[in-house]
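Engineer: Questions regarding the structure given below will be posed in turn.
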Amino acid sequence: MKDLRKNRFLIIGSLIIIILLTISLFTIKPHQIERDEYFIKAKALLNDVIEGLVKVRGLAFTNTVDLRVVSIEWVKENWGRRLVEETSREVMIEEEIYKLLFLIPENTSLKKIRIEQSGWILAATIGHEIYIVRDYFELTDEFKVREIFAHELTHVLQSMHFKQPEIKFHDEKQAWNSLIEGDAILTAEMYMKFLNFSLSFKNSSKSFKDPLIEIWLFPYNYGKKFVKKVFEDQGWIGVNNLYLRVPKSTTEIMHPDKYMRAWRFNEIDLDSMKVEGWDRVKVERFGEHFIFVILGTHIPIEIAMKAAEGWIGDKFIYYKKGSDYLFLWRILWECENDSDEFEEAFNRLMSALNGIELSQNYWKMPKQYIYLMKKSFEVLIISSSIELKGLLNELSIHEMMSNPIIFNTLREDG
Ligand SMILES: [Zn+2]
(Lines give C-alpha, C1' and ligand atoms only; values in the text may rest on other atoms or scores of the structure.)
Protein backbone atom coordinates (compact mmCIF):
# COMPACT_ATOMS: atom_id res chain seq x y z
CA MET A 1 0.00 0.00 0.00
CA LYS A 2 3.03 2.24 -0.29
CA ASP A 3 1.70 3.92 -3.41
CA LEU A 4 -1.63 4.65 -1.87
CA ARG A 5 -0.04 6.29 1.11
CA LYS A 6 2.06 8.43 -1.15
CA ASN A 7 -0.99 9.38 -3.16
CA ARG A 8 -2.83 10.30 -0.04
CA PHE A 9 -0.36 12.98 0.86
CA LEU A 10 -0.23 14.18 -2.68
CA ILE A 11 -3.96 14.54 -2.71
CA ILE A 12 -4.23 16.19 0.65
CA GLY A 13 -1.51 18.57 -0.39
CA SER A 14 -2.95 19.58 -3.73
CA LEU A 15 -6.66 19.06 -3.31
CA ILE A 16 -8.89 19.18 -0.33
CA ILE A 17 -10.73 15.96 0.16
CA ILE A 18 -14.13 16.98 1.26
CA ILE A 19 -16.76 14.36 1.10
CA LEU A 20 -20.47 14.79 1.03
CA LEU A 21 -21.50 11.65 2.80
CA THR A 22 -24.61 9.80 1.90
CA ILE A 23 -27.73 9.46 3.96
CA SER A 24 -26.92 5.90 5.02
CA LEU A 25 -24.39 7.41 7.38
CA PHE A 26 -27.03 9.25 9.34
CA THR A 27 -27.18 6.49 11.87
CA ILE A 28 -23.50 6.62 12.71
CA LYS A 29 -22.82 9.62 14.92
CA PRO A 30 -19.88 10.31 17.19
CA HIS A 31 -20.02 10.95 20.89
CA GLN A 32 -19.99 14.66 21.46
CA ILE A 33 -16.42 15.66 22.10
CA GLU A 34 -16.02 18.20 24.88
CA ARG A 35 -16.10 21.82 23.84
CA ASP A 36 -12.44 22.59 24.24
CA GLU A 37 -10.41 25.43 22.86
CA TYR A 38 -10.08 23.75 19.47
CA PHE A 39 -13.83 23.35 19.13
CA ILE A 40 -14.56 26.93 20.26
CA LYS A 41 -12.08 28.37 17.76
CA ALA A 42 -13.39 26.23 14.92
CA LYS A 43 -16.99 27.12 15.71
CA ALA A 44 -16.22 30.86 15.75
CA LEU A 45 -14.57 30.59 12.33
CA LEU A 46 -17.48 28.56 11.01
CA ASN A 47 -19.98 31.19 12.13
CA ASP A 48 -17.94 33.90 10.47
CA VAL A 49 -17.83 31.97 7.20
CA ILE A 50 -21.60 31.44 7.36
CA GLU A 51 -22.10 35.19 7.46
CA GLY A 52 -19.84 35.87 4.49
CA LEU A 53 -21.11 32.98 2.45
CA VAL A 54 -24.70 34.20 2.51
CA LYS A 55 -23.51 37.38 0.79
CA VAL A 56 -21.39 35.53 -1.76
CA ARG A 57 -23.75 32.73 -2.73
CA GLY A 58 -27.02 34.60 -2.20
CA LEU A 59 -28.75 31.69 -0.44
CA ALA A 60 -29.89 31.80 3.19
CA PHE A 61 -29.28 29.19 5.86
CA THR A 62 -32.76 28.09 6.88
CA ASN A 63 -31.53 26.11 9.89
CA THR A 64 -28.66 26.12 12.37
CA VAL A 65 -25.47 24.38 11.32
CA ASP A 66 -23.82 22.04 13.82
CA LEU A 67 -20.12 21.36 14.04
CA ARG A 68 -18.71 17.99 15.09
CA VAL A 69 -15.09 17.18 15.71
CA VAL A 70 -13.99 13.59 15.09
CA SER A 71 -10.72 11.70 15.06
CA ILE A 72 -9.24 9.83 12.11
CA GLU A 73 -9.64 6.52 13.99
CA TRP A 74 -13.32 7.24 14.43
CA VAL A 75 -13.72 8.04 10.73
CA LYS A 76 -11.90 4.89 9.61
CA GLU A 77 -13.96 2.74 11.95
CA ASN A 78 -17.39 4.21 11.23
CA TRP A 79 -17.27 5.64 7.74
CA GLY A 80 -14.68 3.14 6.60
CA ARG A 81 -14.87 -0.34 8.06
CA ARG A 82 -18.47 -0.34 9.31
CA LEU A 83 -19.87 1.21 6.17
CA VAL A 84 -17.95 -1.22 3.98
CA GLU A 85 -19.21 -4.13 6.10
CA GLU A 86 -22.79 -2.91 5.72
CA THR A 87 -22.42 -2.74 1.97
CA SER A 88 -20.05 -5.67 1.60
CA ARG A 89 -22.17 -7.49 -1.01
CA GLU A 90 -22.28 -4.42 -3.27
CA VAL A 91 -18.56 -3.84 -2.81
CA MET A 92 -17.85 -7.48 -3.67
CA ILE A 93 -19.90 -7.30 -6.89
CA GLU A 94 -18.25 -4.01 -7.79
CA GLU A 95 -14.85 -5.61 -7.23
CA GLU A 96 -15.72 -8.53 -9.52
CA ILE A 97 -16.91 -6.19 -12.26
CA TYR A 98 -13.87 -3.91 -11.94
CA LYS A 99 -11.64 -6.94 -12.34
CA LEU A 100 -13.57 -8.20 -15.38
CA LEU A 101 -13.17 -4.74 -16.90
CA PHE A 102 -9.43 -4.73 -16.21
CA LEU A 103 -9.58 -1.73 -13.89
CA ILE A 104 -7.93 -3.39 -10.92
CA PRO A 105 -5.56 -6.36 -10.70
CA GLU A 106 -6.72 -9.78 -9.53
CA ASN A 107 -5.13 -9.46 -6.10
CA THR A 108 -6.70 -6.08 -5.26
CA SER A 109 -9.24 -5.83 -2.46
CA LEU A 110 -11.74 -3.07 -3.12
CA LYS A 111 -12.92 -3.42 0.46
CA LYS A 112 -9.46 -2.56 1.74
CA ILE A 113 -9.20 0.38 -0.64
CA ARG A 114 -12.59 1.75 0.42
CA ILE A 115 -11.56 1.66 4.08
CA GLU A 116 -8.23 3.26 3.22
CA GLN A 117 -10.05 5.99 1.24
CA SER A 118 -12.14 6.87 4.28
CA GLY A 119 -8.89 7.77 6.00
CA TRP A 120 -8.40 10.56 3.44
CA ILE A 121 -11.42 12.48 4.64
CA LEU A 122 -10.57 15.87 6.01
CA ALA A 123 -14.05 17.23 6.47
CA ALA A 124 -17.53 16.01 5.63
CA THR A 125 -21.13 17.16 5.65
CA ILE A 126 -24.16 15.16 6.64
CA GLY A 127 -27.35 17.17 6.33
CA HIS A 128 -26.89 20.27 8.48
CA GLU A 129 -23.87 18.93 10.31
CA ILE A 130 -20.27 19.62 9.44
CA TYR A 131 -17.64 17.14 10.55
CA ILE A 132 -13.96 17.95 10.79
CA VAL A 133 -11.20 15.43 11.33
CA ARG A 134 -9.03 16.83 14.06
CA ASP A 135 -5.88 14.93 13.05
CA TYR A 136 -5.66 16.71 9.68
CA PHE A 137 -7.77 19.79 10.16
CA GLU A 138 -5.36 22.33 11.57
CA LEU A 139 -6.81 25.63 12.67
CA THR A 140 -3.51 27.48 12.32
CA ASP A 141 -3.98 27.97 8.57
CA GLU A 142 -7.00 30.22 8.78
CA PHE A 143 -7.45 30.68 5.04
CA LYS A 144 -7.43 26.96 4.42
CA VAL A 145 -9.97 26.50 7.22
CA ARG A 146 -12.23 29.17 5.75
CA GLU A 147 -12.01 27.65 2.31
CA ILE A 148 -12.94 24.20 3.59
CA PHE A 149 -15.79 25.57 5.68
CA ALA A 150 -17.08 27.53 2.69
CA HIS A 151 -17.02 24.31 0.66
CA GLU A 152 -18.80 22.25 3.32
CA LEU A 153 -21.32 25.00 4.03
CA THR A 154 -22.21 25.03 0.33
CA HIS A 155 -23.18 21.37 0.74
CA VAL A 156 -25.38 22.39 3.68
CA LEU A 157 -27.02 25.07 1.51
CA GLN A 158 -27.57 22.50 -1.23
CA SER A 159 -29.44 20.25 1.18
CA MET A 160 -31.53 23.21 2.37
CA HIS A 161 -32.49 24.54 -1.07
CA PHE A 162 -32.26 21.76 -3.65
CA LYS A 163 -33.61 18.29 -4.05
CA GLN A 164 -31.37 15.36 -4.84
CA PRO A 165 -32.73 13.31 -7.74
CA GLU A 166 -33.17 9.58 -7.56
CA ILE A 167 -29.93 7.96 -8.67
CA LYS A 168 -29.58 4.48 -10.11
CA PHE A 169 -26.42 4.28 -12.16
CA HIS A 170 -22.74 5.10 -11.82
CA ASP A 171 -22.90 7.59 -14.69
CA GLU A 172 -25.68 9.70 -13.13
CA LYS A 173 -24.14 9.48 -9.67
CA GLN A 174 -20.91 10.91 -11.04
CA ALA A 175 -22.85 13.67 -12.83
CA TRP A 176 -24.79 14.66 -9.69
CA ASN A 177 -21.63 14.63 -7.57
CA SER A 178 -19.93 16.79 -10.18
CA LEU A 179 -22.70 19.36 -9.84
CA ILE A 180 -22.57 19.57 -6.03
CA GLU A 181 -18.79 19.39 -5.78
CA GLY A 182 -18.26 21.82 -8.65
CA ASP A 183 -20.69 24.24 -7.01
CA ALA A 184 -18.96 23.85 -3.63
CA ILE A 185 -15.48 24.38 -5.09
CA LEU A 186 -16.60 27.44 -7.06
CA THR A 187 -18.48 28.91 -4.08
CA ALA A 188 -15.44 28.46 -1.84
CA GLU A 189 -13.30 30.10 -4.51
CA MET A 190 -15.67 33.08 -4.77
CA TYR A 191 -15.80 33.35 -0.99
CA MET A 192 -12.01 33.53 -0.83
CA LYS A 193 -12.09 36.21 -3.53
CA PHE A 194 -14.62 38.08 -1.42
CA LEU A 195 -12.01 38.02 1.36
CA ASN A 196 -9.45 39.31 -1.14
CA PHE A 197 -7.58 36.08 -0.98
CA SER A 198 -6.93 34.54 -4.33
CA LEU A 199 -6.48 30.83 -4.70
CA SER A 200 -4.18 29.37 -7.24
CA PHE A 201 -5.90 26.27 -8.51
CA LYS A 202 -3.75 23.97 -10.52
CA ASN A 203 -5.36 22.69 -13.63
CA SER A 204 -5.65 18.96 -13.46
CA SER A 205 -3.57 17.21 -16.05
CA LYS A 206 -5.00 14.94 -18.67
CA SER A 207 -3.09 11.93 -17.49
CA PHE A 208 -3.83 9.63 -14.62
CA LYS A 209 -2.09 6.74 -13.00
CA ASP A 210 -4.65 5.15 -10.75
CA PRO A 211 -8.05 4.37 -12.31
CA LEU A 212 -9.88 4.27 -8.97
CA ILE A 213 -8.58 7.69 -7.99
CA GLU A 214 -9.46 9.05 -11.43
CA ILE A 215 -13.04 7.81 -10.95
CA TRP A 216 -13.18 9.01 -7.37
CA LEU A 217 -11.92 12.51 -8.17
CA PHE A 218 -14.01 12.98 -11.31
CA PRO A 219 -16.65 15.13 -9.53
CA TYR A 220 -13.95 17.44 -8.20
CA ASN A 221 -11.83 17.80 -11.32
CA TYR A 222 -14.51 17.88 -13.99
CA GLY A 223 -17.34 19.22 -11.81
CA LYS A 224 -15.39 22.37 -11.05
CA LYS A 225 -14.87 23.16 -14.74
CA PHE A 226 -18.49 22.37 -15.58
CA VAL A 227 -20.05 24.59 -12.90
CA LYS A 228 -17.53 27.34 -13.56
CA LYS A 229 -18.50 27.42 -17.23
CA VAL A 230 -22.17 27.82 -16.33
CA PHE A 231 -21.32 30.48 -13.75
CA GLU A 232 -19.30 32.49 -16.27
CA ASP A 233 -22.18 32.44 -18.72
CA GLN A 234 -25.16 32.86 -16.41
CA GLY A 235 -23.98 33.65 -12.86
CA TRP A 236 -25.44 32.09 -9.72
CA ILE A 237 -28.93 31.96 -11.23
CA GLY A 238 -27.53 29.66 -13.89
CA VAL A 239 -25.85 27.52 -11.23
CA ASN A 240 -29.07 27.32 -9.21
CA ASN A 241 -30.95 26.35 -12.34
CA LEU A 242 -28.65 23.36 -12.78
CA TYR A 243 -30.52 21.79 -9.87
CA LEU A 244 -33.77 22.14 -11.78
CA ARG A 245 -32.36 20.30 -14.78
CA VAL A 246 -29.72 18.08 -13.25
CA PRO A 247 -27.05 16.70 -15.61
CA LYS A 248 -27.44 12.93 -15.77
CA SER A 249 -24.35 11.71 -17.51
CA THR A 250 -20.61 12.24 -17.27
CA THR A 251 -20.76 13.30 -20.92
CA GLU A 252 -22.70 16.44 -19.99
CA ILE A 253 -20.08 17.24 -17.33
CA MET A 254 -17.12 16.58 -19.64
CA HIS A 255 -18.67 18.57 -22.50
CA PRO A 256 -20.67 21.43 -20.95
CA ASP A 257 -21.71 22.60 -24.43
CA LYS A 258 -23.69 19.37 -24.79
CA TYR A 259 -25.54 20.12 -21.55
CA MET A 260 -26.19 23.72 -22.67
CA ARG A 261 -27.79 22.67 -25.91
CA ALA A 262 -29.97 20.13 -24.08
CA TRP A 263 -28.18 17.15 -25.61
CA ARG A 264 -29.46 13.93 -24.16
CA PHE A 265 -28.31 10.35 -24.13
CA ASN A 266 -30.42 7.38 -25.18
CA GLU A 267 -31.78 4.74 -22.88
CA ILE A 268 -30.42 1.43 -24.06
CA ASP A 269 -32.49 -1.69 -24.00
CA LEU A 270 -30.96 -5.04 -23.19
CA ASP A 271 -34.03 -6.73 -21.81
CA SER A 272 -35.05 -8.15 -25.15
CA MET A 273 -32.04 -10.41 -24.95
CA LYS A 274 -32.86 -13.69 -23.31
CA VAL A 275 -30.30 -15.04 -20.92
CA GLU A 276 -31.89 -18.12 -19.47
CA GLY A 277 -30.54 -19.89 -16.44
CA TRP A 278 -28.36 -16.98 -15.33
CA ASP A 279 -29.06 -14.70 -12.36
CA ARG A 280 -29.01 -11.02 -13.09
CA VAL A 281 -26.79 -9.50 -10.39
CA LYS A 282 -26.21 -5.94 -11.49
CA VAL A 283 -27.44 -3.47 -14.09
CA GLU A 284 -25.32 -0.41 -14.80
CA ARG A 285 -24.86 2.57 -17.04
CA PHE A 286 -21.16 3.37 -16.92
CA GLY A 287 -20.98 6.36 -19.24
CA GLU A 288 -18.24 8.11 -21.16
CA HIS A 289 -15.83 8.83 -18.33
CA PHE A 290 -15.79 5.25 -17.08
CA ILE A 291 -15.13 3.95 -20.59
CA PHE A 292 -12.32 6.46 -20.90
CA VAL A 293 -10.81 5.18 -17.63
CA ILE A 294 -10.99 1.52 -18.65
CA LEU A 295 -9.16 2.27 -21.89
CA GLY A 296 -6.82 4.89 -20.42
CA THR A 297 -5.60 2.54 -17.72
CA HIS A 298 -3.84 0.47 -20.38
CA ILE A 299 -3.52 2.47 -23.60
CA PRO A 300 -2.42 6.09 -24.26
CA ILE A 301 -4.70 8.64 -22.63
CA GLU A 302 -5.30 10.69 -25.80
CA ILE A 303 -6.47 7.64 -27.72
CA ALA A 304 -8.66 6.55 -24.81
CA MET A 305 -10.24 9.97 -24.53
CA LYS A 306 -11.00 10.18 -28.25
CA ALA A 307 -12.39 6.66 -28.30
CA ALA A 308 -14.78 7.31 -25.40
CA GLU A 309 -16.06 10.51 -26.99
CA GLY A 310 -19.21 10.18 -29.05
CA TRP A 311 -20.90 8.00 -26.41
CA ILE A 312 -24.66 8.38 -26.40
CA GLY A 313 -25.70 5.60 -24.08
CA ASP A 314 -24.83 2.22 -22.65
CA LYS A 315 -26.27 -0.58 -20.58
CA PHE A 316 -24.25 -3.17 -18.74
CA ILE A 317 -25.73 -6.32 -17.22
CA TYR A 318 -23.80 -8.70 -15.01
CA TYR A 319 -25.02 -12.29 -14.56
CA LYS A 320 -23.89 -15.20 -12.47
CA LYS A 321 -24.52 -18.94 -12.52
CA GLY A 322 -22.74 -20.76 -9.73
CA SER A 323 -19.13 -19.71 -9.99
CA ASP A 324 -19.49 -18.70 -13.64
CA TYR A 325 -20.16 -15.17 -14.74
CA LEU A 326 -21.28 -13.37 -17.82
CA PHE A 327 -21.66 -9.75 -18.75
CA LEU A 328 -23.29 -8.01 -21.67
CA TRP A 329 -22.47 -4.43 -22.39
CA ARG A 330 -24.23 -2.54 -25.13
CA ILE A 331 -22.80 0.84 -26.07
CA LEU A 332 -24.30 3.27 -28.56
CA TRP A 333 -22.25 5.86 -30.44
CA GLU A 334 -23.09 9.08 -32.23
CA CYS A 335 -21.88 7.90 -35.61
CA GLU A 336 -20.17 4.96 -37.23
CA ASN A 337 -16.84 6.73 -37.06
CA ASP A 338 -17.18 6.77 -33.26
CA SER A 339 -18.01 3.09 -33.01
CA ASP A 340 -15.06 2.30 -35.32
CA GLU A 341 -12.79 4.35 -33.08
CA PHE A 342 -13.97 2.50 -30.01
CA GLU A 343 -13.54 -0.88 -31.69
CA GLU A 344 -9.99 0.03 -32.63
CA ALA A 345 -9.15 1.27 -29.13
CA PHE A 346 -10.68 -1.87 -27.64
CA ASN A 347 -8.45 -4.00 -29.85
CA ARG A 348 -5.48 -2.03 -28.58
CA LEU A 349 -6.66 -2.60 -25.03
CA MET A 350 -6.88 -6.34 -25.60
CA SER A 351 -3.39 -6.53 -27.03
CA ALA A 352 -2.01 -4.31 -24.24
CA LEU A 353 -3.47 -6.86 -21.84
CA ASN A 354 -1.90 -9.75 -23.78
CA GLY A 355 -5.25 -11.16 -24.82
CA ILE A 356 -5.03 -14.11 -27.21
CA GLU A 357 -7.14 -13.35 -30.27
CA LEU A 358 -8.92 -16.61 -31.07
CA SER A 359 -10.75 -15.09 -34.01
CA GLN A 360 -11.54 -11.55 -35.09
CA ASN A 361 -12.69 -9.51 -32.05
CA TYR A 362 -12.73 -12.61 -29.88
CA TRP A 363 -10.12 -12.93 -27.16
CA LYS A 364 -9.10 -15.32 -24.46
CA MET A 365 -7.91 -13.64 -21.28
CA PRO A 366 -6.52 -15.37 -18.19
CA LYS A 367 -9.91 -15.54 -16.50
CA GLN A 368 -12.44 -14.78 -19.21
CA TYR A 369 -13.41 -14.90 -22.83
CA ILE A 370 -14.38 -11.62 -24.40
CA TYR A 371 -16.14 -10.84 -27.64
CA LEU A 372 -16.85 -7.51 -29.29
CA MET A 373 -19.54 -7.18 -31.89
CA LYS A 374 -20.08 -4.01 -33.87
CA LYS A 375 -23.06 -3.06 -35.95
CA SER A 376 -23.11 0.45 -37.43
CA PHE A 377 -23.47 2.86 -34.47
CA GLU A 378 -23.40 0.29 -31.74
CA VAL A 379 -21.14 -2.12 -30.01
CA LEU A 380 -21.95 -5.15 -27.91
CA ILE A 381 -19.32 -6.59 -25.61
CA ILE A 382 -19.90 -10.05 -24.22
CA SER A 383 -17.63 -11.68 -21.72
CA SER A 384 -17.80 -14.82 -19.65
CA SER A 385 -15.73 -17.24 -17.64
CA ILE A 386 -16.87 -19.92 -20.09
CA GLU A 387 -16.21 -20.26 -23.81
CA LEU A 388 -18.53 -17.97 -25.72
CA LYS A 389 -19.08 -19.99 -28.88
CA GLY A 390 -21.81 -22.17 -27.45
CA LEU A 391 -23.15 -19.41 -25.33
CA LEU A 392 -23.62 -17.06 -28.29
CA ASN A 393 -25.98 -19.52 -29.93
CA GLU A 394 -28.00 -19.76 -26.75
CA LEU A 395 -28.32 -16.01 -26.45
CA SER A 396 -30.46 -14.24 -29.00
CA ILE A 397 -27.64 -11.86 -29.83
CA HIS A 398 -28.28 -11.29 -33.50
CA GLU A 399 -31.93 -10.80 -32.83
CA MET A 400 -31.13 -8.18 -30.25
CA MET A 401 -28.65 -6.35 -32.39
CA SER A 402 -31.29 -5.82 -35.03
CA ASN A 403 -33.81 -4.57 -32.49
CA PRO A 404 -34.26 -0.85 -32.51
CA ILE A 405 -32.87 0.99 -29.58
CA ILE A 406 -35.43 2.58 -27.32
CA PHE A 407 -35.05 6.28 -27.71
CA ASN A 408 -35.85 8.69 -24.99
CA THR A 409 -38.34 11.10 -26.40
CA LEU A 410 -37.97 13.60 -23.60
CA ARG A 411 -36.07 13.62 -20.39
CA GLU A 412 -38.60 13.62 -17.59
CA ASP A 413 -37.20 16.86 -16.19
CA GLY A 414 -36.34 18.42 -19.56
ZN1 LIG B 1 -17.62 18.49 -1.30
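The values are calculated or read from the model by the stated rules, or taken from the named source; none is laboratory data. Everything quoted here is computed from the prediction, not taken from an experiment. Note that each Cβ is placed from the backbone with ideal geometry, even for glycine, and that neighbours are counted across all protein chains shown. These area figures cover heavy atoms from the full protein model, side chains too; ligands, DNA and RNA do not enter into them. Shrake-Rupley method; radii C 1.70, N 1.55, O 1.52, S 1.80 Å.
Engineer: Among the listed residues LEU122, LEU103, which satisfies the condition of being closer than 22 Å to PHE197 by Cβ and either within 16 Å of the ligand (Cβ to nearest atom) or open to solvent by less than 70 Å² (accessible area, probe 1.4 Å) (or both)?
Structural biologist: After applying the criteria, what remains is LEU122.
Engineer: Ok, one more. Restrict the check to segment 105-126 and report whether at least one residue is at pLDDT 95 or above and of a type in the set (Phe, Trp, Tyr).
Structural biologist: Checked segment 105-126: no residue is at pLDDT 95 or above and of a type in the set (Phe, Trp, Tyr).
Engineer: Shifting gears a bit: Of all the residues that make up segment 236-255, how many are aliphatic (A, V, I, L, M) and surrounded by fewer than 17 Cβ atoms within 10 Å (Cβ to Cβ)?
Structural biologist: 2
Engineer: What number of residues within segment 144-166 are away from the ligand (no atom under 16 Å from the Cβ) and buried (at least 16 other Cβ atoms within 10 Å of the Cβ)?
Structural biologist: Number of matching residues: 0.
Engineer: Quick check, is THR187 within 21 Å of PHE218 (Cβ to Cβ), within 12 Å of the ligand (Cβ to nearest atom) and in the same structural domain as VAL65 (by TED's automatic domain parsing)?
Structural biologist: Against the criterion (within 21 Å of PHE218 (Cβ to Cβ), within 12 Å of the ligand (Cβ to nearest atom) and in the same structural domain as VAL65 (by TED's automatic domain parsing)), THR187 qualifies.
Engineer: Moving on to the next point. In segment 332-349, which residues are surrounded by 19 or more Cβ atoms within 10 Å (Cβ to Cβ) and not in a helix (DSSP H, G or I)?
Structural biologist: Scanning segment 332-349 gives LEU332, TRP333.
Engineer: If I go through segment 350-371 residue by residue, how many of them are open to solvent by 60 Å² or more (accessible area, probe 1.4 Å) and touching a strand residue (DSSP E or B) at 6+ places or on another chain (Cβ under 6 Å)?
Structural biologist: So the count comes out to 4.
Engineer: OK, next. Limited to segment 126-143, what total is found for residues that are within 19 Å of PHE197 (Cβ to Cβ) and within 15 Å of the ligand (Cβ to nearest atom)?
Structural biologist: Of the residues in segment 126-143, 1 are within 19 Å of PHE197 (Cβ to Cβ) and within 15 Å of the ligand (Cβ to nearest atom).
Engineer: Could you grab the pairs with beta carbons closer than 8 Å, sequence gap of 6+ or different chains, first residue in segment 216-229 and of a type in the set (D, E, K, R), second one within 13 Å of the ligand (Cβ to nearest atom) and not in a helix (DSSP H, G or I)?
Structural biologist: none
Engineer: For GLY355, indicate whether it is more than 29 Å from GLU387 (Cβ to Cβ), among the small types (Gly, Ala, Ser) and in the same structural domain as SER385 (by TED's automatic domain parsing).
Structural biologist: Answer is no for this residue.
Engineer: Could we say that LEU391 is closer than 26 Å to GLU94 by Cα and modelled with pLDDT under 95 here?
Structural biologist: yes
Engineer: Does segment 252-274 include one or more residues that are under 22 Å from ASP338 (Cα atoms), part of a strand (DSSP E or B), of a type outside the set (A, V, I, L, M) and under 17 Å from the mean Cα position of the chain (by Cα)?
Structural biologist: No, every residue in segment 252-274 fails to be under 22 Å from ASP338 (Cα atoms), part of a strand (DSSP E or B), of a type outside the set (A, V, I, L, M) and under 17 Å from the mean Cα position of the chain (by Cα).
Engineer: Also, quick follow-up: Which of the residues spanning segment 279-310 are among the hydrophobic types (A, V, I, L, M, F, W, C) and under 17 Å from the mean Cα position of the chain (by Cα)?
Structural biologist: Matches in segment 279-310: VAL283, PHE286, PHE290, ILE291, PHE292, VAL293, ILE294, LEU295, MET305, ALA308.
Engineer: Are there any pairs with C-beta distances below 7 angstrom linking a residue in segment 364-391 that is not assigned by TED's automatic domain parsing to the domain that holds PHE316 to a residue that is surrounded by fewer than 17 Cβ atoms within 10 Å (Cβ to Cβ), with the two at least 6 apart or on different chains, and if so which?
Structural biologist: Hits for this filter: zero, empty list.
Engineer: Hey, any hits in segment 170-179 for a residue that's touching a residue at least 40 places away in the same chain (Cβ under 8 Å), more than 19 Å from PHE218 (Cβ to Cβ) and either hydrophobic (A, V, I, L, M, F, W, C) or touching a Pro at 6+ places or on another chain (Cβ under 7 Å) (or both)?
Structural biologist: The answer is no; no qualifying residue exists.
Engineer: What pairs come out if I take residues in segment 258-283 that are surrounded by 13 or more Cβ atoms within 10 Å (Cβ to Cβ) and pair them with residues that are in a loop (DSSP other than H, G, I, E, B) and aromatic (Phe, Trp, Tyr) whose C-beta lies under 9 Å away, six or more apart or interchain?
Structural biologist: Correct list of pairs: ASN266/PHE407; GLU267/PHE407; VAL283/PHE169.
Engineer: What number of residues within segment 300-327 are among the β-branched types (Val, Ile, Thr) and in a strand (DSSP E or B)?
Structural biologist: Matching residues across segment 300-327 total 2.
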